[in-house]
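Okay, so here's the structure we're looking at.
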Amino acid sequence: MKSVLDIKNISFGYTKDIFLFNEFSLSLNEGEIKAIVGPSGVGKSTLFELILGHRKPHVGSIRSMSISQVFQDPYSSFHPTYTIREQINEVTSMEGYNVLLDQMGLEESHLDTLPHKLSGGQLQRCSILRALLMKPKLLLLDEPTSALDNLNQLDIMKLIIKHIKEMGVLLITHDGDLARWCADEIITLENVETDNSPILPVTLSQKD
Ligand code: ADP
Ligand code: MG
């Protein structure tokens, strides 16, 4: 199995005395989906920032193959004054998009629309469409389905799973049912107070 992400013993905190990660490791192979769960503020989005290289760990290493990302808020992931099609074209080839469009429950006309004319659910599906068209080796999903209704969530995750043969997926979610349903492994980040009071995340649960 080909590794798409390898995080080795990283430590990171925004301030000197509070560590969000301490000797944290995580690996992901092609075809795997792992869910990251844990309370708000524990460092889930920070982990993605580290993987994307926007932040550097104090120690440890992160190696990853090509990444695309789907954010929680779809309106923040598109520029307001360009159409969806223009913005997808900017980053990737549209080759094979019509099949995906149909699977996503989207129409051609949605692509020629400005982002704010679409509903949150429609726009998030456009964001997932763009991410899949980029054919990444690693797909980072930060609460991607919170803009969608329940029924849609499951359909969209099923669709993503169909495409994961050639990539690995890291999914941040608050939805335990969704995580248990789709993930090979669930990684629970927890705040642990120690004597010196740094906050250390621990990996708790494995696949059930
Ligand atoms: P989660 O995604 O699990 O809700 P985050 O990774 O967004 O958590 O944030 C983890 C912690 O780091 C929070 O306490 C948050 O306030 C803090 N934090 C996030 N971004 C920054 C930043 N740019 N500067 C300083 N602290 C930050
Ligand atoms: Mg977050």
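Nothing in this text is a laboratory measurement; each read-out follows from the coordinates by a stated rule. No experiment lies behind these values; they were computed from the predicted model shown. Here Cβ is always computed from backbone atoms with ideal geometry, including for glycine, and neighbour counts include all displayed protein chains.
Which residue, chosen from L100, S3, N152, occupies the Cα position most advanced towards the positive end of the dipole of the chain, where the dipole is computed from +1 (Lys, Arg) and -1 (Asp, Glu) charges on Cβ about the Cα centre?
Farthest along the dipole direction, towards plus: S3.
What's the longest bit of the chain with no exposed chymotrypsin sites (Phe, Trp or Tyr not before Pro), using DSSP loop states and at most 14 other Cβ atoms within 10 Å as the test?
The longest uninterrupted stretch comes out as 83-208.
Report the relative contact order of the chain, percent, no decimals, based on alpha-carbon pairs under 8 angstrom and at least 6 residues apart.
30 percent
May I ask you to evaluate 6.51 cos²θ - 1.76 cosθ + 1.60, the Karplus curve with θ = phi - 60°, for each residue of segment 170-176 and list the ³J(HN,Hα) values in order in whole Hz, giving x for glycine and proline?
Working through the residues one at a time gives 10, 10, 8, 8, 8, 8, x Hz.
Going Cα to Cα from K2, which lysines come in below 25 Å? Please leave out same-chain ones fewer than 8 positions away.
Excluding near neighbours in sequence, the set is K34, K44, K56, K135, K137, K158, K162, K165, K207.
Hey, what D do you get for the chain in µm²/s if you plug the Kirkwood alpha-carbon radius into Stokes-Einstein at 4 °C and 1.567 mPa s?
This corresponds to a translational diffusion coefficient of 73 µm²/s.
Can you give me the distance in nm between label points at Y14 and R85, each placed 7 Å from the Cα along the Cα-to-Cβ direction?
It works out to 4.1 nm between the two label points.
GluC sites (Glu not before Pro) within segment 55-133: which are DSSP loop residues with at most 10 other Cβ atoms inside 10 Å?
Within segment 55-133, the qualifying GluC sites (Glu not before Pro) (loop, at most 10 other Cβ atoms within 10 Å) are E95.
Evaluate the Kirkwood expression for the hydrodynamic radius of segment 82-135, namely the inverse of the mean inverse distance over all pairs of different C-alpha atoms, and round to one decimal in Å.
Evaluated on segment 82-135, it is 10.8 Å.
With θ taken as phi - 60° and the coefficients 6.51, -1.76 and 1.60, list the Karplus ³J(HN,Hα) couplings across segment 84-94 in order, rounded to whole Hz; mark glycine and proline as x.
After applying 6.51 cos²θ - 1.76 cosθ + 1.60, I find 4, 4, 4, 6, 6, 4, 4, 10, 7, 6, 8 Hz.
Can you give the % of DSSP beta bridges in the chain that are antiparallel, to the nearest 5?
40 percent
Sorted from fewest to most neighbouring beta carbons within 10 Å, what does the list S127, S61, S11 look like?
Placing the least packed residue first, the sequence is S61, S11, S127.
Kindly state, to the nearest 0.05, the FRET efficiency for M1 paired with S146, given R0 = 41 Å and r defined as their beta-carbon distance.
0.85
Using alpha carbon centroids, what distance separates segment 1-67 and segment 129-185, in Å?
Cα centres, segment 1-67 to segment 129-185: 18 Å.
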